[in-house]
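*Asks:* Take a look at the following structure, please.
The values are calculated or read from the model by the stated rules, or taken from the named source; none is laboratory data. Model, not experiment: these values are computed from the prediction. With ideal geometry, Cβ positions are generated from the backbone for all residues, glycine too; neighbour counts draw on all protein chains shown. Note: accessible area is taken over every heavy atom of the protein model, side chains too, but ligands, DNA and RNA are not part of it. Shrake-Rupley method; radii C 1.70, N 1.55, O 1.52, S 1.80 Å.
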Amino acid sequence: MYAIAPTFDIDHSPEWGSDRLDLDAYLRRIGYDGVRDNSLKTLQQVHRAHMSTISFENVDIAVGRTVSLDIAELERKLVRSGRGGYCYETNLLFAAALDRLGFPVMRMLSRIREGDTRRRFRSHTSLLVRTADEPDTVWLADPGYGYAGLIEPMPLRDGARATVGAWSWELGVDDGHWVLRSQDGEGRWSDLYVFRPERQYEVDYRAAHYVSSTRPGSPFVNRLVAQRGSETVRHRLRNDVLVTDHPDGRTERAVLAPGEVVAALREKFGLTLTDEDVSLLLGFLQRGESAAAC
């Protein structure tokens, strides 16, 4: 039953705050100056521009700040302050922009696998989108996954495959769920996450976000995480370890000094960091070094 494309309309609910998003500022932020319509071409271009500009990162959570999903705060942080965000932040911002452009969007919560088929709680957000020129096709969109995430949307069809640059993805159905898989540089496929096409509401996101951003044991609490993928390279930073994956299967791993971590966040992940950000980050990293030495 989950191989059947769901039906959904443009989400005019005020709970998402989409009408408050400064669309002009958002499009300038991602460098998009193309046509503003709800066509497949626009969806592809805006998705690619968003992913290439706004990195996955959890700096605020790592240093102990509270993270808000209110659209005004997402705009302040990700659009006007040159920062990235983790999946709830960046994909909800993207969804609001799609609302403003006239795309029907379904916001979903997904279960991360990352190669592990254990059943986990729904901690990731992804989107289903329809376009005006291909109304019979539903597209999986997700510029906020991170290093191995989709560069462009792909059609929600069992067995669908998409290739952008050096990387490939495929969709399948497993145990009543859709599963998104990614292929690495050596040709191996691994599951990224699974989902059911079920609309989620703002209250669902508040609950999932609270758990992900505050629960001890969450991969984002007391850890620094930044990720960025492109057609030619994938970067992953966890605390002071930077991993770079290449299409030919080579993987580089470097342990960075605290100052080098700050430089990598700016140079490889494109983050604009204030003096306060840097001070808090250095304190966080130095505490980690002290704990590792004990």
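*Asks:* Which ³J(HN,Hα) values in Hz, rounded to whole numbers, follow from the phi angles of the stretch 252-265 under the Karplus curve 6.51 cos²θ - 1.76 cosθ + 1.60, where θ = phi - 60° and Gly and Pro get x?
*Replies:* 10, 10, 9, 9, 9, 6, x, x, 6, 4, 4, 4, 5, 4
*Asks:* First compute the accessible area of the chain with a 1.4 Å probe, then give the percent of it belonging to carbon and sulfur atoms.
*Replies:* Accessible surface attributable to carbon and sulfur in the chain totals 47 percent.
*Asks:* Along the positive direction of the dipole of the stretch 1-106 (beta-carbon charges: Lys, Arg +1; Asp, Glu -1; about the Cα centre), which of Gln45, Ile71, Gly102 reaches farthest?
*Replies:* Checked the options; the winner is Gln45.
*Asks:* With a 1.4 Å probe and every protein chain left in place, work out the accessible area per residue of the chain in Å², rounded to a whole number.
*Replies:* For the chain, the per-residue accessible area is 44 Å².
*Asks:* Subtract the Cα-Cα distance of Val211 and Asp175 from 0.36 nm times their separation in residues, and report this length gain in nm to one decimal.
*Replies:* On the way: separation 36, 0.36 × 36 = 12.96 nm, distance 2.54 nm.
Net length gain for the segment: 10.4 nm.
*Asks:* Starting with the highest mean, order 272-278, 180-186, 192-198, 84-90 by the number of other Cβ atoms within 10 Å, averaged over the residues of each peptide. Intermediate results must be reported in sequence, preceding the final value.
*Replies:* Numbers: 272-278: 13.0, 180-186: 17.7, 192-198: 19.7, 84-90: 25.3.
Result, highest mean first: 84-90, 192-198, 180-186, 272-278.
*Asks:* Compute the whole-percent fraction of alpha carbon pairs in the chain spaced more than 37 Å apart.
*Replies:* 10 percent
*Asks:* Run the quick spin-label model on Ala25 and Arg238: label points 7 Å from Cα toward the beta carbon, then report their separation in nm to one decimal.
*Replies:* The answer from the label model is 3.5 nm.
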